[in-house]
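For reference, the structure is listed below as structure tokens.
The values are calculated or read from the model by the stated rules, or taken from the named source; none is laboratory data. Values in this document were obtained by computation on a predicted structure and should not be read as measured data. Neighbour counts are summed over all protein chains in view; Cβ atoms, including those assigned to glycine, are modelled from backbone coordinates with ideal geometry. Please note that ligands, DNA and RNA were not included when accessible areas were found on the heavy atoms of the full protein model with its side chains. Shrake-Rupley method; radii C 1.70, N 1.55, O 1.52, S 1.80 Å.
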Amino acid sequence: PTRRSSDLRDWLALAALAFAQFVVVVDATIVNVALPSIQHDFGLAVNRLTWVVNGYVLTAAGLLLVGGRIGDLYGRRRMFLSGTVVFALASLTAGLAPNAAVLVASRFVQGGGEALMSPAAMSLIALLFRDDKARARAFGILGGVAGAAAVAGVVLSGLLTGLASWRWVFLINVPIAAVPLIAVPRLVSESRAPGTQRHLHLPSMILVTASLVSVVFGLLQSAHESWTAAPVAAPIGIGLVGLAVFVAVQARATEPLVPLRFFANRVRASGIVSIAFLSSASAAVFFLFVLYMQDVLGYSPLRSGLAWLPFCAAFMPGLMLSTRLINRYSARAALVVGLASGGVGVLLLSRAPVHGSFLLDLAPAMVLTAFGFGVTNPALQHAAMHGVSEHDAGLGAGTASTVMQMGGAVGLAVFVATALRQQGHLAAAGVGELGAMAGGIQLALRLAALLLMAGAAVTAVLMRPGRPAAVPDGD
């Protein structure tokens with residue numbers, strides 16, 4: 001084929017792979033608004049209802065790193081297609097679930113599907129676009145899809161739950177997933193790490209997966225237990241010890257599952273650190289602001305979903321600026337601008353008054369927050385996948401996705417617990433129910449804003465010029 005036809009094929013492949021990422025990100029946000037309806041239909045207690053979300057998070061966070069590495073060794077396209085099939089079938093069984101047990105089991109399987117498809121998609125995109133400018137543009141498009149999907153999940157959840165049934169928040173994934181399943185085999189060639197033995201060290205796989213699952217389980221338990229309680233402290237402690245043992249094993253292994261030299265690339269390591277800042281803060285922002293709209297302002301699920309449309313509109317200019325900043329200056333410039341802008345926007349959101357006006361109190365702050373997140377997202381992916389090759393693209397994508405999931409779990413655990421604790425203090429001091437709830441959300445959002453600003457400062461230092469940008473990865 002001519003260069004022009006090859007370029008067109010690459011961009012069509014990007015569209016198909018990005019479509020699959022759209023499904024994954026939508027699914028991560030679409031369920032939240034539907035939870036009250038699910039609870040009502042199945043008569044679930046709160047502790048069982050949380051597993052509709054937690055089951056997915058637990059499986060995905062535990063398996064993403066291994067899923068990315070499996071793609072490197074056994075074929076990224078193969079893993080992408082396999083994961084998409086698993087995800088679609090689990091979405092179907094979730095939407096048709098006759099009882100809560102089937103629904104929760106389906107959510108666990110969905111998380112496993114994401115762990116195969118998401119790192120494979122990101123690594124395939126990184127290898128399709130090897131030129132820095134083309135890769136920045138590709139990740140800008142992917143970031144736009146992810147940001148639009150995050151907001152679309154909230155909007156669609158309100159529409160589907162309010163106008164149809166909660167079951168459609170899962171069933172809608174099935175026809176959407178069919179698009180990449182048809183297109184990707186025709187547009188993307190198989191790729192895997194060259195010259196690498198097709199061997200996965202099973203003890204290392206079990207150790208890292210069990211350790212990550214243990215940490216996330218402890219974080220999820222913190223939603224209804226204190227940090228010092230055994231159900232929280234024990235699994236987190238065990239998981240951290242397991243991860244330390246895993247790192248020690250990898251340092252000595254002749255064929256490690258995760259070569260530690262991968263993290264010697266300064267730009268890549270800094271991008272992964274920045275992901276932790278953004279994912280922790282953004283997960284809390286989305287959760288707490290949906291809570292504020294529905295529980296404090298009294299918005300219906302439909303109105304709450306539509307209220308996020310300005311966020312979606314403002315996200316796009318941020319994406320365009322991000323690509324320009326990366327190409328003209330560096331990913332560092334885009335990350336600092338994006339994290340700082342997002343931090344100021346969340347600080348404005350933290351005003352969150354009891355009788356807030358959408359036009360005066362919500363929309364301007366949402367626009368600035370969305371713009372900052374839009375600038376940050378492509379730059380994060382560009383930095384985290386900096387210098388990846390056929391040897392380690394899946395590992396890079398799996399690491400970035402794992403940090404994203406872990407950061408979100410930490411952010412929700414810490415900031416939601418902070419909001420609830422502050423709400424209790426205010427209620428004990430005689431503040432009314434809505435005032436106490438708003439006060440808790442305000443404090444948590446202020447802390448999330450500070451975290452984003454701290455992320456901008458840390459990124460500026462870690463990625464400062466004047467030092468070698470990368471250490472060769474080797475084979």
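Counting protein heavy atoms only, the chain has 68 percent of its accessible area on carbon and sulfur, 1.4 angstrom probe.
Per residue, the accessible area of the chain comes to 40 Å² when a 1.4 Å probe rolls over the protein heavy atoms.
Using R0 = 35 Å, the C-beta based FRET efficiency linking R421 and A101 works out to 0.60.
Rounding to the nearest 10 and keeping the result within 0 to 90°, find how far the Cα-based axis of helix 132-163 lies from the longest principal axis of the chain. The answer is roughly 30 degrees. For region 349-358, putting each phi into the Karplus relation 6.51 cos²θ - 1.76 cosθ + 1.60 with θ = phi - 60° gives couplings of 4, 5, 5, 5, x, 4, 10, x, 8, 4 Hz, in residue order, rounded to whole numbers and with x for Gly and Pro.
For region 341-388 versus region 314-330, the spacing of their alpha-carbon centroids is 15 Å. Taking amide H as placed 1.01 Å from N in the peptide plane, the amide H of Y299 sits under 5 Å from that of Q294, each at least 5 places away or on another chain. Computing FRET efficiency as 1/(1 + (r/R0)^6) for D7 and Y74, where r is the C-beta to C-beta distance and R0 is 22 Å, gives about 0.20. Against the main long axis of the alpha-carbon atoms of the chain, helix 76-95 sits at an angle near 30°.
Helix 3-42 versus the longest principal axis of the chain: what angle, 0 to 90°, nearest 10, using Cα atoms? Result, in degrees: 30. Of the peptides 369-376, 105-112, the ranking by mean beta-carbon count within 10 Å, highest at the top, reads 369-376, 105-112. Just to be sure I understand the curve: with the Debye formula and one point per C-alpha of region 351-475, what is log10 I(q)/I(0) at q = 0.10 Å⁻¹? Treating every Cα as an identical point scatterer, log10 I(q)/I(0) equals -0.49. With R₀ set to 30 Å, the beta-carbon distance separating R186 from A244 gives a calculated FRET efficiency near 0.10. Distance between the pseudo-spin-label points of D131 and A363 (7 Å out from Cα toward the beta carbon): 4.1 nm. For region 239-252, putting each phi into the Karplus relation 6.51 cos²θ - 1.76 cosθ + 1.60 with θ = phi - 60° gives couplings of x, 5, 4, x, 5, 5, 5, 4, 4, 4, 5, 5, 5, 9 Hz, in residue order, rounded to whole numbers and with x for Gly and Pro. In this structure the amide hydrogen of M385, modeled in the peptide plane, comes within under 5 Å of no amide hydrogen from residues 5 or more places off or on another chain. If the segment from A454 to N327 were pulled out straight at 0.36 nm per residue, it would be longer than the present Cα-Cα gap by 43.3 nm. Taking 37 °C and 0.692 mPa s as conditions, the chain diffuses translationally at an estimated 146 µm²/s according to Stokes-Einstein applied to its Kirkwood radius (Cα pairs).
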